[in-house]
1. Being in contact with an Asp or Glu (Cβ under 8 Å, 6 or more places away or on another chain) and open to solvent by 20 Å² or more (accessible area, probe 1.4 Å) is the filter here, so list the residues in segment 235-257 that pass it.
2. Which of the following residues is buried (at least 18 other Cβ atoms within 10 Å of the Cβ), in contact with a Pro (Cβ under 9 Å, 6 or more places away or on another chain) and outside any loop (DSSP other than H, G, I, E, B): 260, 219?
3. Within segment 173-190, does at least one residue satisfy the condition of being closer than 27 Å to residue 42 by Cα and part of a loop (DSSP other than H, G, I, E, B)?
4. Can you tell me which residue within segment 235-269, out of those that are among the polar types (S, T, N, Q) and touching a residue at least 12 places away in the same chain (Cβ under 8 Å), is farthest from residue 28 (Cα to Cα)?
5. For segment 76-99, which positions are without any contact (Cβ under 8 Å) to a residue 60 or more places away in the chain, in contact with a strand residue (DSSP E or B) (Cβ under 9 Å, 6 or more places away or on another chain) and under 14 Å from residue 238 (Cβ atoms)?
6. If you check 27, 20, 14, which single one turns out to be at pLDDT below 95, open to solvent by 10 Å² or more (accessible area, probe 1.4 Å), over 24 Å from residue 227 (Cα atoms) and in contact with a strand residue (DSSP E or B) (Cβ under 8 Å, 6 or more places away or on another chain)?
7. Please work out if residue 161 is surrounded by fewer than 16 Cβ atoms within 10 Å (Cβ to Cβ) and not in a loop (DSSP other than H, G, I, E, B).
8. Do any residues in segment 61-72 that are within 11 Å of residue 90 (Cβ to Cβ) and in contact (Cβ under 8 Å) with a residue 24 or more places away in the chain have Cβ atoms under 8 Å from those of residues that are open to solvent by 50 Å² or more (accessible area, probe 1.4 Å) and assigned to a helix (DSSP H, G or I), where the two are at least six apart or on different chains, and which pairs are they?
Amino acid sequence: MKKLIISILIVTLALTSVFASGAAETAGSVSTDGSTSMEKVIGSLGEAFMSNNKGVNFTYNPTGSSSGIQAVSEGRCDIGLSSRALKDSEIASGLKGTVLAIDGIAIVVNPSNNISELSLSDLSDIFTGKISNWKELGGADSQIVVIGREAGSGTRDGFESITGTSDKCVYRQELTSTGDVIATVASNENAIGYASLSSVKSNVKAVSVDGVVPSEDTIKDGSYKVQRPFVMVTVENKALSATAQKFFDWSLSSEAAPIISKAGAIPLV
């Protein structure tokens, strides 16, 4: 009997050790910070990751691309989120960018606006103030209200780089999130702005650019020119925690690809 009791105790301790080890492997946290345009994608990935890894805590702080890059550089988060490619100076400072997905930047107008197509040249002229009335483009005789994002926004950087308007845009308002841009355009029939395609809803209208409508197919084949990467930013030569590394690797896998697609972005796998 004594031997039996000792054997049971040994087995119990062994099982406890295994369970404790398993819990340690699945417990932990992942903190992300950055691009507001990535909210839907990163939020969906975070929810799925927590669902598949009980005990893990996932957080996302929507501060904007430049802020997220700074946060990971200063060690205030595990993974920074940027909706633009890293600048040479950021790479030189020891940061590494890994493309998670591709996103289209939709050019949005109010649904009541009869304009449905613009060229890259038109966009350049509108956002720099060379064209200031919708009638010059075949629309109503109304002043164009140009809405953009704040300095440091990845969406702004992407839009201005593609249209050749960096540091030249004349904005009526510079807003701090994708949602604010969409809400403002939805409430003003003369407004125009740009926003992540994944965030566009029926309260605004996405116009075609050079005859190409923004969609998953036209972004994948490159025919829709106004597009940019969604980037996960880490510190080069600095290991992530086991949990953060697991999230990072899983986010780039074929298992995560349908989640990214459902959130409106284009996965690379």
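The values are calculated or read from the model by the stated rules, or taken from the named source; none is laboratory data. As the structure is a prediction and not an experimental result, all values here were calculated from the model. Here the Cβ positions follow ideal geometry from the backbone for every residue, glycine too, while neighbour counts run over all protein chains shown. Keep in mind that these areas ignore ligands, DNA and RNA; they rest on the heavy atoms of the full protein, side chains included. Shrake-Rupley method; radii C 1.70, N 1.55, O 1.52, S 1.80 Å.
1. Answer for segment 235-257, where residues must be in contact with an Asp or Glu (Cβ under 8 Å, 6 or more places away or on another chain) and open to solvent by 20 Å² or more (accessible area, probe 1.4 Å): 240, 241, 242.
2. Details: 219 fails: in contact with a Pro (Cβ under 9 Å, 6 or more places away or on another chain).
Among 260, 219, only 260 is buried (at least 18 other Cβ atoms within 10 Å of the Cβ), in contact with a Pro (Cβ under 9 Å, 6 or more places away or on another chain) and outside any loop (DSSP other than H, G, I, E, B).
3. Yes - at least one qualifying residue is present in segment 173-190.
4. Of the residues in segment 235-269, the ones among the polar types (S, T, N, Q) are 237, 241, 243, 245, 251, 253-254, 261.
If we keep only those that are touching a residue at least 12 places away in the same chain (Cβ under 8 Å) as well, we get 237, 241, 243, 251, 253-254, 261.
Numbers: 237: 21, 241: 9, 243: 6, 251: 17, 253: 21, 254: 23, 261: 27 Å.
Only one residue fits best here, namely 261.
5. 76, 77
6. Details: 20 fails: in contact with a strand residue (DSSP E or B) (Cβ under 8 Å, 6 or more places away or on another chain); 14 fails: in contact with a strand residue (DSSP E or B) (Cβ under 8 Å, 6 or more places away or on another chain).
None of the other options fit; the residue is 27.
7. Numbers: surrounded by fewer than 16 Cβ atoms within 10 Å (Cβ to Cβ): yes; not in a loop (DSSP other than H, G, I, E, B): yes.
Taking the combined requirement at face value, the residue satisfies it.
8. 65/157
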